[in-house]
Every structure is written in structure tokens, then in C-alpha cells.
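Accompanying notes for the structure given below.
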Amino acid sequence: MGTRSQCPALAWALMVLLSAQQAETQGSEEPSRMSREAVTDGQRMNGVQTTPSPTRRLTFIPPITMSPSMSPLNPAHNGRVCSTWGDFHYKTFDGDIFRFPGLCNYVLSSHCRAAYEDFNIQVRRELLGARPTISRIVLKVEGLVLEVANGSVLIDGQGEELPYSRAGLLVERSSSYVKISVRMVLTFLWNGEDSALVSTPLPSPPRCTEPSGLLWEKRAEPGILGSGSGPGLPGGGRVPCRVAGIWDTEDACRRTLLGSAFAQCNKLVDPDPYVASCAQDQCRCPSCPCATFAEYSRQCAHAGGQPQNWRGPNLCSQTCPAGMQHQECGSPCADTCSNPERTQLCEDHCEDGCFCPPGTVLDDVTHSGCVPLPQCPCTHGGRTYAPGAAFATSCSSCTCSGGRWQCKDLPCPGTCSVQGGAHITTYDEKLYDLHGDCSYVLSKRCADSAFTVLAELRRCGLTDTESCLKSVTLSLQGGDTVIRIQANGAVFMNSIYTQLPVSAANIKVFRPSSFFVLVQTGLGLQLQVQLVPLMQVYVRLDPAHHGQMCGEAPWQLRGEPGSVLLLVGGAAGAGFGRPGPSGDGWTQPSQSSPTSDQRQGGSLVDKREDQLRKCWEGLTPTRARLHCMFDTCNCEKSEDCLCAALSAYVHTCAAKGVLLQGWRDGVCTKYMNSCPKSQSYEYVVDTCQPTCRALSEADVTCGVSFVPVDGCTCPVGTYLDDAGMCVHAEECPCYLRGTMVAPGEVLHDNSVVCSCTSGKLSCLGALEQRSTGCVAPMVYMDCTNASAGSLGAECLRSCHTLDVDCYSTHCVSGCVCPTGLVSDGSGGCVAQEDCPCVHNEATYQPGDTIRVDCNTCTCRNRRWECSSQPCLGTCVAYGDGHFITFDGERYSFEGSCEYMLAQDYCGGTATTNGTFRIVTENIPCGTTGVTCSKAIKLFLESYELILMEGHLKVVERGPGGDLPYKIRYMGIYLVIEIRSGLVVSWDRKTSIFIRLHPGYKGKVCGLCGNFDGNAINDFTTRSQSVVGDVLEFGNSWKFSPSCPDARAPRDPCTANPYRKSWAQKQCSILHGATFAACQSQV
């Protein structure tokens, strides 16, 4: 990661987002119109257009249509190949072939006449019996020294496992070869025995060095067989056989090299030099001609040919592992269980080696060789599942079939939360920050007042961004029952302090532990309110409420735009909240002298492997780590905020079924040691506390199920009394119709004699069952000259609060509007239907219209009435591995492989039913891995469009008809319009915008998500399972299974602290006047 490339890319992406707010779109428009939206109007993630100001003028530059030239797939490049093989044979880039029988260390190729040596390749041979083999290879490139010998690979002297990747260098095994690729410089192949080959994409291959005679500019001496004489050369370069014998051996060589297997090759590569080399092999090394035949086959492949299987039982036979077969021209991009359609996108020429038979794929999951696709295993959360195995979550049930998960959605509850006093997670798992100083509607039903959850956020520290949750209020049935829980643990029901537990007809309130208060309603709503170390709240709703919620945490129906938050009136708003720390442009609060808590805070989430690793499989710790770092650095009481962030992550893990033990070891222990007297700390509490009252009366709170919590509870065998003490049963009082009976006391009631023993009444006679006579709690109001229940100025109805239930503790005198009118917020009073509408912090009068995506919204009766035109979907990849999916999910993933960005080859028939594939790759510069540009490959029918280094190249992969695309230059963008309803816009650097027609909704997959309107399932892997870990998701979409998995990136400002201040200064433009108009939109 690098701030130099990241900040400009982020700023440019933000400018495009801003421009999206001022354009018109129509989902059914033709591709050319789509391209104008995609470029001149930008992408529309939270798009809105209003009537432009008369003073604003836009000048549109007409697009330039261009037709690039075509090139064939795998064109001949044997003129860019230098090789050595068999009995000391060499081929220069110029095509000269000679023999050099040296056993020393020689430079095979290097950039020897340049001011800077880009690369240097050295080889050493030794004799195994009479047969020469390559025993050692040294490659110096990009500041690294790579050594291959004795089956091991050393990078700068350190042993490395394959595959290995670093800053444009990739070392991997490809069929029978060790393959070393250096982007835009060279590719090196070694068969592990006697053959090595260097190919380069450069138009003028590098000069090779003198000792081996492989000069580019200076050709070798005439003749295909050099004498090789000189001091120290074995054999003196002389041919040790009769001249007549050479002709006999040449005939044998010709029968193979001019045979039917090489018929196509003979037209591409002159066989005579290889016939001569073969004849020399027969004289010196009877087993060496096979190496020359194999070299001719390789040269044929580099020339664009397809050599046939020339080997036989009696001619250079090869042995393959069980279940595999040898092919002379097989795809180096083997189909595997993790990527069974890899060969369809292969761009490399064929290679010889061992391959899986037709109808099978290579099992790269359990490494069991070649298997039929239906027998492929599946992976999920780091675990392997056999075909037919299944797993289930609270929201889905999945079965493994042919390496893919077949999943069925299940009704599941939704959870929204407020963590750390500012971090809000919606029911749709959207995250944003709200540093407020007011009471906010956290959740309510849009259609009625069945329930409303209010969260009171207040500024509570030394910084403007430090806010705390002070209270949580639940209002039921329009205020008939109001429960308020304060941060100190006090609970008020209808303004009356209430001792817990309490149970009424439609509500139960109790403490499962000293750290939590739990409220369960009969409406499918449950509150978990955390008190220690800081107040945090989790609101859990039954699936029946799906799509019916409003407030700070709406819950949308599937198919609705997943990238927006719904405001009152139905319009989407970006000013709703601010995205939380996600790695994209987030700046950590700086402190000059961080405390030990602050230094260790962020690392605890992702480094306490023994305790937290079990949760990583389904829940990435990245966001939790960022929240932890932010809160710990920003909070005045850093330890409280640190431990609150850790406990929030643990609670989220528990909600996913992962119960963690021991995570407080060495940190946050003071809360374990501060339990009330007689209580003890427990990591997992999943039921009600045993109480003395429950011994006498049925405790209905014990029938409530909830996500396990931690905290202080009574030890086993003890019970909680009304004083909050844990006592043994024999010390518990008894209860009769709400009256407490002391232990051992004898009670006479209507001829019934009862005694209290171990918390239970033992009675002689029939105990009359009487009703308690309790009625639902009443609301007490005390307002001068007002009747009970009157609302005063504290509940003044205004245009901004008409949809908010007012909770009043007492009447407050003040100025109010006359009956039938409401406050307009400016000191006046208007009729309710004359109230304005609000969108993205802007006010609109009745009759005003705005554009939201491709729809038109009109303000009527203070609500937005919007059309329901299906809109185009937009995915963005920008900067150093930052993505915004079609459904609005933002994330960062930094991999050095090629990845599937988007495709419609998805589902059970992924190899046959699609129309496009888009592959992306970050192109690093230098040795730090910072992304300098992107390479994009677009596969359309029989064409491949390659966008790289600011240029476009079109490859014709097969016979093609009418071109399915048009290419235009529009400003700085190169735009590709596809007739099926796809537009790709590329800034020729690090940003790409993909726009899809609504007809693709739910039919695409890849790093851009599935475009189904539901961001929750955007992290769907190639095997069709939904995961929570960005790394598992991203790595599943890499093109080559042999490319190493991406790892969690290190924070660039931590890695380069000297650049932090400079980076913050450069990126501060996003908060400045330049982007002022954008800040309320995005």
C-alpha cells in the first residue's frame, strides 16, 4: 500500500462520485447513453441530481470512436526466446544454435550493456554419469537474488515455499517446470533437469553476454555447431564418432523431427539445426536426443504451433503420477477444483508435461490428484468439506456439490448495534459513524408506532469525535409503555425506577449478568444493553420485520438498493451518517504520546490468535481492529474504550455461534476483578441468573433465549436476592403474592399455615390463588395548569419530528403552534402538508423534484414519491486495492495475482452460460508493492481486450463475427460499450468503473459482488459460499490457484511513519472546500 498512489486515486474517485449527483440516467438506455453516464456523469453509487444552477455550465467534448488493430492469441514470439538444453546446446535470441560444453558458472542472459542491469541469469551444469544436467540457477532481478538448486528455492538467501510472490516477481510450478515471471521483463522456465528457457515481452530482447555467445546485437559465428574449443572445455569440442556415423544418426533424428507429430511445427521452426544437434547428441550422449526433440517441441509452441504427442513406449517415454497423462501441448492453466474454468481464459502457449485426463480436474484442495468435477470438495471458513457435506448458519443452509456450494436462504433475525458510542451497524450490516449530541431514533417500524428504540448520544470527551451512549429508551405502542435504561444501570419504567427482574404481559426485563440488561418484548424485538465497561446496545429483530424498519438502522427488503440508507419519505441519503473506519481514506486520531493501551489496542483483535482465531473464519477482524484503534486513540478513558471494542467483537463472534474463552487474559482484567461481592466472572452466560424469587415463583425470564454474554453472576449453587447478594438457598426469603417471607418465618393466611424453607413455602391447607391486581404501569406527568398526560414544548411537533415518537419525562412550558399547525423550524407555523422534504442535508419545497439514480422523486406532503425504474449497477475498483461493489459494499483487498472482477459465468453452469468476464491485476512499481496502474482484461465472445499501461490491445481468440463492442475515448477515459448492456470506463491508470444493465441483476459474481440489491451477501466466494473474511473472499477469485494468497496488509502509516503527516496533509483535501459539495452526497 502506498499513500502516494492512494490519495490521488481516492480523490479522483470522489470527484467522479460528485459528478454523478448531477446527471440523468435511464436503466433501459442503449450502451452509448450508458457510457456517457459512466464517464461524463460518473458513477452513481448514491446518485442524485437536482435542477442545475443557471450559473453552472458544462462543456462536453465529443467522444472519439476508435478501432484498434487485432492480434492473434499466442502469436509467434520465438524470436524473443533464448534457451539451453541437453548436451550443452544453446539457442540465441537471434536463432543461432551452438554447443558450449562448459561446467562452470555462466551468465545465460543479462542486460549487460545498459547503465543499470535490469536482470542477470546464471546457470551451472554438472555431469551425472555421461549426461549433462543444470545443477544451479541464479537470477538477479528487481533487487532480489533468487537461487534454485537441489529442489529448493532461496530468495536473498532465505528458503521459500512455492508459490512465491513479491513486487512483480512470481515463482511457481507450472506443469513440469519451475516458472519465474518478472512482470514486463522476462519469463524463465526450468524443467528441473537439463533445460532452461528465457523469453521476454520486450520488442527488442536484451543483449546476452559473451561467454555463451548469446549476443542480440552481435551474432554468433556462422554455422549452427560451434567448435567449442578452448582451455577448460571437456572433449576439446571434437565430434567423437565417424563421419559416416553422423549421417546414420541424422536419419534417425529426421524420422522424428520431420514426422507427423511435428508437421505443423516444420512450417514454423526450421528443423535442420535441431536435426544436426540431435545427430551430435547421438555421437556424444545416446540418451540426449530426447532433450533436443523436447526443445524443438518447446520452440514450436513459442512460434504459435501445437506439437502433437511424439513420444512413445520406445521413444523418450515419460512417467506421470497416478491418474495423470503426458501431453506434449497441454494448457499450463490447469482446470482445478477451486477454478474449473481456468483454461477458458488461458493466454499462455501450451507446455509439455503431465496433465489430468479429459473429464477431470486437478484437486488443489485436498491434493488427491485428478478427479471428476462432481467429486471436488468445497471450502468454507478455512475448512474442507467432502461432496455432499453441509453446513448451516442462522440465515442459510449450504450443501457441497462439485466444488460449489448450493445454498438456500433461511429466514433469520437482524441485528443493529451502537458500539463505542459512535459506530453504528445496521440490520443490513452497513457500518457508519455518528458523532452526535442528541437523541436519535435507532429503530422503529415505518408503518406504525408498535415500537421505537431511541439512543441518546452525547459528547463526553476532549475531542469533537468522542461521543458516548448515555441511555437507551424503548417505547411500545405509541408510548403506552416506556422503558429507559441509563448508562449507570438504572432502569425506569414509565419514569418510575424499577427493580429487576420485571415481567409484564408484553415485556420482560432482567439482568443475565452484571454487565448486561436484557429487554424481551412480545413483538419480536430484543434489546441487549451492555453497561460495562461502556454502554453499548444490540437490537435484535425477528425475520417478520424484514423490510419494515426505519431509523438509524433500516432493514431493507432484498432487491432494494443496498448502497443507500432510507430516510423518512423513502428517498435515499448519503448525509444519513458517515461511513465508519473501513480502510478507505480513514484517518486515525493522532496523539503525540500514545499510552500503552493505545499501542496495544489495535493489535489485540488480530493478534490474540489462541482466543480469537476461531472467530476469524466467519468474521474478519479488520473492521474491529480499526474501531479498536480509533476508540482507544480517541477516548479519554482509553482502557474502557479498548475493552469495550474487544467485547463488541467477542459479542459479534458469539452471535455467529463462536463462543470465546480466555480473551481477557492479560488485558481488561480489572472488570473481572471488580464483580459485586459474592459474584464471580464468567466468559459465557446464556441463561437467566438464578434468583431467590425464582424458588418461590416461576421466573418467566428464564425462557428467553439470547446471544451469550459475559459478566458477573452468582456461583453455582447460590441465588441472587433482592439486595444483589448471592446466597445459598437456605438463606433465601420466600414470596407470597409479592410479600417477602423471611427464612424460617411462619405465616398464617386464611387458615393456611406456611413456613419458608430454602426459598420455598411449605403450607398446610389450601392456599387460595388470588390475582395480584397489577395493571400495566401508568405514565405520571406533572405540568402546571395542565391535565395529566399533556405534552408541552418538549414534544413540540415540527416538520422534522412528525415521524418521531416523543418520550417526555415531564411537561415543559413553552411556545407551541396552534392546533393543526406544526413548526417549520424557522420560527413560523405551517400546515403539515406544507412541510418541506429533506435529502442529503438539503431542503426541498413541495413540488420540487430530484434525481436518485435513474429515478425521479417528487416532494409531496413532506414525503418523497419516487418512480421505480430499474437502475444501472456500478462497481468501482480504484487506487491500491479499494473496491465498491454493485450493491455498495466498500472494502480493501491487496493481492498481487489476477482476479475475477466481474463475470456472468456464475452458478451451476458457470462454464457455459455467460457473456463476459473482467479480470483485474494491480501492477506494482518498485519493491514496496505500491500499485502504479491496473491491468484489465475483458473477455467478450471470441475477443479479449487488454487494457494496460494506458493502452488497449485486442486479441482475437477464435473466429469472430460482428464486433460485440465499441471503443471510445471520452476525456481522460477509455470507454468500452458492450451491446449486451455493459460499459467499462478506465482512466488508463488505477481506476475502473463497470456499469451493468438491470437485466444482469443477481446474475454476476466476482470481486464486484452479485448485484442483487443485498450487500450482506457480496462476499460470495467462487465456490458460492458467503464468508465474512475479505481475504478468504478475495483469494477465492484469483485466476491462478498457484498464485500465493494475499495476506492482511500492514498499515502503510505504521510501516512508513515518517510519511504519515505528509499523507494526512495530502488527503485532507477531501475535507476541504474543493469537495465541499460532495461531502453531503458521498
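The values are calculated or read from the model by the stated rules, or taken from the named source; none is laboratory data. Values in this document were obtained by computation on a predicted structure and should not be read as measured data. Note that each Cβ is placed from the backbone with ideal geometry, even for glycine, and that neighbours are counted across all protein chains shown.
So here's what we get for this one:
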quantity: Leading residue by the ranking (surrounded by the most Cβ atoms within 10 Å (Cβ to Cβ)) among those in the stretch 1032-1063 that are in contact with a Ser or Thr (Cβ under 8 Å, 6 or more places away or on another chain) and among the aromatic types (Phe, Trp, Tyr); calculated: 1037
quantity: Breaking point among (1) under 24 Å from residue 1040 (Cα atoms); (2) among the hydrophobic types (A, V, I, L, M, F, W, C); (3) modelled with pLDDT of 90 or more, for residue 345; calculated: (3)
quantity: Filtered residues of the stretch 856-891 (kept if of a type in the set (Ser, Thr, Tyr), touching a strand residue (DSSP E or B) at 6+ places or on another chain (Cβ under 7 Å) and under 30 Å from residue 934 (Cα atoms)); calculated: 874, 885, 891
quantity: Pick from the stretch 489-508, criterion within 24 Å of residue 534 (Cα to Cα) and without any contact (Cβ under 8 Å) to a residue 40 or more places away in the chain, ranking: surrounded by the fewest Cβ atoms within 10 Å (Cβ to Cβ); calculated: 497
quantity: Residue within the stretch 104-115 that is modelled with pLDDT of 90 or more, surrounded by fewer than 16 Cβ atoms within 10 Å (Cβ to Cβ) and in a strand (DSSP E or B) present; calculated: yes
quantity: Filter result (farther than 24 Å from residue 894 by Cβ and hydrophobic (A, V, I, L, M, F, W, C)) within the stretch 1049-1082; calculated: 1073, 1075, 1076, 1077, 1078
quantity: Pairs with Cβ under 6 Å, 6+ apart, first in the stretch 806-823 and exposed (fewer than 14 other Cβ atoms within 10 Å of the Cβ) and at pLDDT below 80, second part of a loop (DSSP other than H, G, I, E, B) and not small (Gly, Ala, Ser); calculated: 810/782
quantity: Candidate set: the stretch 995-1031, residues that are of a type in the set (Ser, Thr, Tyr) and more than 16 Å from residue 885 (Cβ to Cβ); chosen: the one surrounded by the fewest Cβ atoms within 10 Å (Cβ to Cβ); calculated: 1023
quantity: Strands (runs of 3 or more DSSP E) wholly inside the stretch 936-994 containing at least 3 residues that are surrounded by fewer than 17 Cβ atoms within 10 Å (Cβ to Cβ); calculated: 951-956
quantity: Pair list, Cβ < 6 Å and 6+ apart or interchain, from the stretch 299-322 residues that are closer than 19 Å to residue 349 by Cβ and in contact (Cβ under 8 Å) with a residue 12 or more places away in the chain to residues that are among the charged types (D, E, K, R) and surrounded by 14 or more Cβ atoms within 10 Å (Cβ to Cβ); calculated: 307/328; 309/328
quantity: Selected residue [free of Cβ contacts under 8 Å to residues at least 40 places away in the same chain and under 30 Å from residue 941 (Cα atoms)] from 855, 913, 861; calculated: 913
quantity: Selection count, the stretch 249-277, where residues are closer than 21 Å to residue 327 by Cβ, hydrophobic (A, V, I, L, M, F, W, C) and surrounded by 14 or more Cβ atoms within 10 Å (Cβ to Cβ); calculated: 6
quantity: Pair list, Cβ under 8 Å, 6 or more apart: the stretch 686-712 residue more than 23 Å from residue 537 (Cα to Cα), other residue outside any helix (DSSP H, G or I) and among the aromatic types (Phe, Trp, Tyr); calculated: 690/719; 691/719; 692/719; 693/735; 694/719; 695/719; 696/735; 697/735
quantity: Members of the stretch 691-716 found to be of a type in the set (Ser, Thr, Tyr) and more than 35 Å from the chain's Cα centre (by Cα), listed by number; calculated: 691, 696, 701, 713
quantity: Criterion: of a type outside the set (S, T, N, Q), part of a loop (DSSP other than H, G, I, E, B) and either within 29 Å of residue 906 (Cα to Cα) or under 35 Å from the mean Cα position of the chain (by Cα) (or both) - qualifying residue of 322, 334; calculated: 334
quantity: Residue in the stretch 161-183 that is of a type in the set (A, V, I, L, M, F, W, C), part of a loop (DSSP other than H, G, I, E, B) and either out of contact with any strand residue (DSSP E or B) (no Cβ under 6 Å at 6 or more places or on another chain) or closer than 19 Å to residue 109 by Cα (or both) present; calculated: no
quantity: Test: residue in the stretch 667-678 that is closer than 19 Å to residue 532 by Cβ, in a strand (DSSP E or B) and either touching a Pro at 6+ places or on another chain (Cβ under 8 Å) or among the acidic types (Asp, Glu) (or both); calculated: no
quantity: Residue within the stretch 310-321 that is surrounded by fewer than 17 Cβ atoms within 10 Å (Cβ to Cβ) and aliphatic (A, V, I, L, M) present; calculated: yes
quantity: Verdict on residue 1080 being free of Cβ contacts under 8 Å to residues at least 24 places away in the same chain and among the hydroxyl-bearing types (Ser, Thr, Tyr); calculated: no
quantity: Verdict on residue 468 being closer than 17 Å to residue 645 by Cα and among the hydrophobic types (A, V, I, L, M, F, W, C); calculated: yes
quantity: Only listed residue being without any contact (Cβ under 8 Å) to a residue 60 or more places away in the chain, assigned by TED's automatic domain parsing to the domain that holds residue 920 and in a helix (DSSP H, G or I), chosen from 999, 1034; calculated: 999
quantity: Pairs, first under 16 Å from residue 954 (Cα atoms) in the stretch 969-986, second acidic (Asp, Glu), C-beta under 9 Å, six or more apart; calculated: 974/987; 977/30; 984/977
quantity: Subset of the stretch 352-373 that is under 28 Å from the mean Cα position of the chain (by Cα) and outside any strand (DSSP E or B) - its residue that is farthest from residue 403 (Cα to Cα); calculated: 367
quantity: Hey, residue 420 surrounded by fewer than 19 Cβ atoms within 10 Å (Cβ to Cβ) and in contact (Cβ under 8 Å) with a residue 24 or more places away in the chain or not; calculated: no
quantity: For residue 405: the one exception among (1) more than 21 Å from the chain's Cα centre (by Cα); (2) buried (at least 20 other Cβ atoms within 10 Å of the Cβ); (3) not assigned by TED's automatic domain parsing to the domain that holds residue 543; calculated: (1)
